[in-house]
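What follows is calculated from the coordinates using simple rules that are stated; it is not laboratory data. Note that this is a predicted model, so its numbers are computed, not measured. Virtual Cβ from ideal backbone geometry, glycine too; neighbours counted across all protein chains shown.
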Amino acid sequence: ANPQDASIDAATQIMIKRAQDLGIDTCFDRNVTLKPCSIGNQGTCCKNCSMGPCRLPLPKDYDEANDTRKGICGATANTIAARNFIRMVAGGAAAHSDHGRSVAEVFLSAARKETDAYQIKDVRKLLEIAPFLGVATTVEKDGAVLDRDIDEIAVEVGEKAMEEWGKAEGELEYLKRAPKPRYELWKKQGVLPRNIDREIVEIMHRTHMGVDQDYKNLMKQGVRASIADGWGGSMLATDLQDILFGTPYPLASEANLGVLKEDHVNIVIHGHEPVLSEMIVTTAQKPEMVAYAKSKGAKGIQLSGICCTANEILQRHGVPLCGTFLQQELAIITGAVDAMVVDIQCIFQNVANVAKCFHTKLITTHPIAKMEQDNAIHIEFDEHHAVEDAEKIVRMAIDNFANRGAEVMIPRQKSPIIAGFGVESVEYHLGGTFRGSYYTLNDNIINGRIRGVAGVVGCNNARVKHNEGHITVVKELIKNDVLVLTTGCNAIACAMEGLLTPESAKVFCGPGLAEVCETVGIPPVLHLGSCVDNSRILLAATEVVKAGGLGNDISDLPVAGSAPEWMSEKAISIGQYVVASGIYTVFGAVFPTAGAPVFQRYLFEEMEKMYGGMWDFEADPVKHAWKMINHIDAKRKALGI
Ligand code: BF8
Ligand code: SF4
């Protein structure tokens, strides 16, 4: 790969070149040598039974009225594409929700005081979410209303939360967090999730050979499972993490490979679940650990993060971001990483091969995510001996400092950032004293200083130039007075590019947005956390609806969603719950239904009539942004503002 074609980021280009000089292949090189299958790419390859794979590419002379394509069993391109699409939803919803379940389990053992490694940190948030799970926060005694014991509330919240994954009857309690009209709409459409696990299992059943053969009915289940992710598993993950580890508030830090320090022990934490990373952060800050590092000749311990774990420990502790999804191999190629600690999701198996070329210890920590390579060390992390596990990992990294080779090369690039926004801090900065908490934000949207709000999120994808889509889309939006909320790898990309600072408003924003950012002192791009924290975007939208003046439901708001460089199944699940929540959502890179135009039209057009939100696809990032801006303008017009 030519480094200049592979990424817009200088540090990334430098490290790709270094990898090539050292004869180590990275995803950027494999992107050149490994071509994607053009039929799978279109979503029309079915391998759900062994009579296939049945491959139905879009013919050159495609004629919709005479589309006779079918598999051995007769499945049409629409059926196959819809089945594949909702299996992606199932994969994504499972990943987010199983992460949420792990957090809920730790939460419950903390509430029951079975572990002293974790405690309830944010009581205010506990009391805020309790009613949504049907847990009372007060008791009546002798005619007086008294506050209920916090420990008791916490245990009940934990138990009720766990039930969301597998209750026998009823529906998800947590859907009560959505605006009422949205909830009623889901009810009318018959897509209220019963419990999180069941909706995912039902996708696997319905897409098994010979079951559901109507793309509309398949999508109904896709929508239902995605809602169980966004308003269920992901939202519970965010809220319970906030209660256990603290609700984020804005703080300063730095981003990009340049945060690694040559004279420090570098521990890079990579993955998704803060249950592990929180403990490593606490441990690495202990004076005895720092002293131990010094005894081994280092000046201290430098933690940094990759992927969503990076966002989690950034937003709560200010730990710097080392890089995005596509920079995971490059971090090791600096030669300065003494340990890379991984848990679940978005971890390249090739990091083990790269680690072999250096002194880096690669430590896997999760029972469901191991590697076959023999240099991967498995230290299973468990909430019951979390402190010991974390100490073992940190000591291993410190002991490894002395084994560094001569060939350390850390690119100097890093950018200052302000991160750690959330529903609460947006309220603090853009709230008002009358008419609801988001009044000032709504007021600025109504008076046009802020044209609209966009959620720009999601992955990097080695098939497109690293960060180019992310940065072009976001810059075009803020230039046109659209406030951007970001999570996931888009947040890291924006951080590296210097867009997460209040000062960037003057340079990159249109006059209206610049004025608001300057007055309030916020960046034009607000970092809201990891991918499960897209639930913060849903809740912020709900607050905007509640504050009034912009319609009655999320679908009335001048807002849009985007994932310019998506690659994961999680992104499809997110996209689908955002659409089902009433938000127009544009994806870049490729769209996995291109081989089934009728089904694709269902997603891009018909869905709007059902949910007020719909999918779209645009690979060109400037056009991509303008599709969003045009949608925002249409919503403004409909509101008469
Ligand atoms: O959950 S944005 S590449 S890191 S999947 Fe993965 Fe995509 Fe990054 Fe986080 Ni989200
Ligand atoms: Fe082919 Fe049908 Fe089997 Fe899919 S389920 S592989 S379309 S025969």
From the cross-link list Lys296/Lys361; Lys167/Lys609; Lys506/Lys637, the entries with a Cα-Cα span beyond 20 Å are Lys167/Lys609; Lys506/Lys637
In nanometres, the difference between 0.36 nm per residue of separation and the alpha-carbon distance of Lys17 and Arg124 is 33.6 nm
Taking a straight Cα-to-Cα line shorter than 20 Å from Lys465, and setting aside same-chain lysines fewer than 8 residues away, one finds Lys17, Lys35, Lys414, Lys475, Lys623
The answer for the net charge of residues other than Ala136 whose Cβ lies under 9 angstrom from its Cβ, with Lys and Arg +1 and Asp and Glu -1, is 0
Arg412 and Glu140 label points (each 7 Å along its Cα→Cβ direction) are spaced in nm at 7.1
Of 566-578, 42-54, 133-145, ordering from highest average Cβ density within 10 Å down gives 566-578, 42-54, 133-145
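Would you mind working out the magnitude of the charge dipole of the stretch 554-639 relative to its Cα centre, with +1 at each Lys and Arg C-beta and -1 at each Asp and Glu C-beta, to the nearest 20 Debye? Before the final figure, lay out the partial values.
Working: 8 positive and 10 negative charges, 38 e Å.
My answer is approximately 180 debye.
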Rounded to one decimal in nm, the spacing of the 7 Å Cα→Cβ label points at Val507 and Asp147 is 4.6
All alpha-carbon distances of the chain, grouped into 10 Å bins from 0, give the whole-percent distribution 3, 16, 27, 27, 19, 7, 1, 0
To the nearest 20 debye, the chain has a Cα-centred charge dipole, built from +1 on Lys and Arg Cβ and -1 on Asp and Glu Cβ, of 1400
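Over its Cα atoms, what ratio of radius of gyration to 2.2 N^0.38 Å does the stretch 417-639 give?
Values: Rg = 16.0 Å, N = 223, 2.2 N^0.38 = 17.2 Å.
Scaled against compact globular proteins, the figure is 0.93.
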Percent antiparallel among DSSP beta bridges confined to the stretch 257-403, nearest 5, equals 5
At q = 0.14, 0.16, 0.18 1/Å the base-10 log of I(q)/I(0) from the Debye formula over the alpha-carbon atoms of the stretch 257-403 is -0.55, -0.74, -0.98
If Val520, Val622 are placed from fewest to most neighbouring beta carbons inside 10 Å, the sequence is Val622, Val520
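Could you grab the relative contact order for the chain? Cα pairs under 8 Å, six or more apart, rounded to a whole percent.
16
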Links exceeding 19 Å between C-alpha atoms in this model, out of Lys188/Lys627; Lys299/Lys356; Lys261/Lys299, come to Lys188/Lys627; Lys299/Lys356
Quick P(r) readout (the stretch 77-245; Cα-Cα; 10 Å bins; whole %) gives 10, 35, 30, 16, 7, 2, 0
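How do the peptides 28-40, 414-426 rank, highest first, by the average count of neighbouring beta carbon atoms within 10 Å per residue? Walk me through the intermediate numbers first.
On the way: 28-40: 13.5, 414-426: 22.5.
Those peptides, ordered most packed to least, come out 414-426, 28-40.
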Scattering profile of the stretch 3-59 from the Debye formula, Cα beads only, expressed as log10 I(q)/I(0) at q = 0.28, 0.29, 0.30, 0.31 Å⁻¹, is -1.08, -1.13, -1.16, -1.19
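Order of Lys167, Lys361 from fewest to most other C-beta atoms within 10 Å? Walk me through the numbers on the way to the answer.
Values: Lys167 17, Lys361 22.
Neighbour counts put them in this order, fewest first: Lys167, Lys361.
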The set of residues whose placed amide H lies less than 5 Å from the amide H of Tyr584, leaving out same-chain residues fewer than 5 positions away, is Gly561, Met614
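Please report the net charge: other residues with Cβ closer than 13 Å to the Cβ of Ala11, K and R +1, D and E -1. Can you show the working numbers first?
Working: positive: Lys17, Arg18, Arg412, Lys414; negative: Asp9, Glu254, Glu497.
Taking every other residue near Ala11 into account, the sum is +1.
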Rounded to whole angstrom, the alpha-carbon centroid of the stretch 180-214 lies from that of the stretch 120-171 at a distance of 27
For the Glu518, Cys73 Cβ pair and Förster radius 51 Å, calculated FRET efficiency rounded to 0.05 is 0.25
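If packing is taken as the mean number of other Cβ atoms within 10 Å per residue, what is the order of 364-377, 99-112, highest first?
Details: 364-377: 15.0, 99-112: 22.4.
In descending order of packing, they fall as 99-112, 364-377.
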So Val211 and Glu262, fully extended at 0.36 nm per residue minus their Cα-Cα distance, gain in nm 12.6 nm
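So how much slack lies between Leu192 and Cys357, counting 0.36 nm per residue of separation and subtracting their Cα-Cα distance, in nm? Don't jump to the answer; show the numbers that get you there.
Numbers: separation 165, 0.36 × 165 = 59.40 nm, distance 5.05 nm.
Between Leu192 and Cys357, full extension yields an extra 54.4 nm.
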